[in-house]
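Input: a single structure, listed below in structure tokens.
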Amino acid sequence: MKIRILSENLTAAVTEAARATAKRGHVPQAENVLLETVEGRLRVTGTDLETAIAVYSGAQVEEEGRALVKPGMLARMLGTFDGAAIDIEPDGEHGLALSSDGRAFKLDGMDPEDYPPVPETPEHLADIDPLILRRALVRVLDCVATDGLRPVLGAVNFAVADTLTLAAADGFRLGVVDTGWNVSPDFPEMNVPARTCRELLRLLPKKAKDADASDPVQLHVKRRDDGVP
């Protein structure tokens, strides 16, 4: 991989993707972020094997490639470039070399081929206004159980009659929000873990004037071989 990219843009992408990386566990590769060139852009991916965040950033791609590196160390190095454009190229077997205006760093990495597989984008079944989805999540997440005794109560239920409805309960409280948003009847009922919903909520725009407030949120559903979402 050989690219040129603004360090501030890469910092933002790495910081975002790192939120989904594993903090500890038996898969050390999942504690890293995967950098890879995709269709003339750089994609930075983090996953803890349950949740994945992929962030795209514009870059000048001279050579395609992939690298697997520690996000914290990479972010600290990027912070020394003050937002300037930097050149990134391979160093050694799996490492990276970062340079700009006479400053240079080297970062060890792991074999990107060992990175846990991240599913391709599954079936697209619905679009929804991001502000409507934000309001619904804010209202139901307060009702999610936090004791972990019944996993189903630690999730938000997404269901469709004519419109998309979100619901959550902790055994004492019940929160139900009808978004009023028409969704395909093919959209299956499912329980989405509260942690995933909170990550989604953090990514959603907060106000109508936000830059991405007019971009609909695409809801994709991955099904098992038996058809269960």
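The values are calculated or read from the model by the stated rules, or taken from the named source; none is laboratory data. Here the structure is a predicted model, which means the values were calculated and not measured. Here the Cβ is made from the backbone with ideal geometry for all residues, glycine too, and neighbour counts use every protein chain on show.
What about Gly95, is it surrounded by fewer than 14 Cβ atoms within 10 Å (Cβ to Cβ), among the small types (Gly, Ala, Ser) and either on the phi < 0 side of the Ramachandran plot or over 19 Å from the mean Cα position of the chain (by Cα) (or both)?
no
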Within region 61-105, considering residues that are among the β-branched types (Val, Ile, Thr) and touching a Gly at 6+ places or on another chain (Cβ under 6 Å), the one nearest to Thr21 (Cα to Cα): Val69
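Step by step: first the residues of region 183-198, then only those that are among the charged types (D, E, K, R) and touching a strand residue (DSSP E or B) at 6+ places or on another chain (Cβ under 7 Å), then the one that is nearest to Ala126 (Cα to Cα). Which residue is that?
Step by step, filter region 183-198, then rank; the result is Asp186.
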Determine, yes or no, whether Met110 is surrounded by 18 or more Cβ atoms within 10 Å (Cβ to Cβ), within 27 Å of Gly25 (Cβ to Cβ) and of a type in the set (A, V, I, L, M). yes
Residues satisfying the stated conditions in region 125-153, i.e. within 19 Å of the chain's Cα centre (by Cα), outside any helix (DSSP H, G or I), modelled with pLDDT of 90 or more and aliphatic (A, V, I, L, M): Ile128
Could you look through region 47-61, keep only residues that are modelled with pLDDT of 95 or more and crowded, with 18+ Cβ neighbours inside 10 Å, and pick out the one that is nearest to Thr196 (Cα to Cα)? Ala59
Need pairs with beta-carbon distance below 8 Å; first residue assigned by TED's automatic domain parsing to the domain that holds Val69 and within 15 Å of Thr11 (Cβ to Cβ) and within region 95-110, second β-branched (Val, Ile, Thr) and surrounded by 19 or more Cβ atoms within 10 Å (Cβ to Cβ); sequence gap 6+ or separate chains. Leu96/Val69; Leu96/Ile88; Leu98/Ile86; Leu98/Ile88; Ser100/Ile86; Leu107/Val69
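Yes/no per residue for (1) of a type in the set (Gly, Ala, Ser); (2) farther than 23 Å from Glu16 by Cβ; (3) assigned by TED's automatic domain parsing to the domain that holds Ala54:
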site: Pro151; (1), (2), (3): no, yes, no
site: Asn157; (1), (2), (3): no, yes, no
site: Asp162; (1), (2), (3): no, yes, no
site: Ala169; (1), (2), (3): yes, yes, no
site: Cys197; (1), (2), (3): no, no, no
site: Lys209; (1), (2), (3): no, no, no
site: Asp212; (1), (2), (3): no, no, no
Say we look at region 179-214 and pick out the residues that are in a strand (DSSP E or B) and under 14 Å from Val156 (Cβ atoms); which of these is farthest from the chain's Cα centre (by Cα)? Thr179
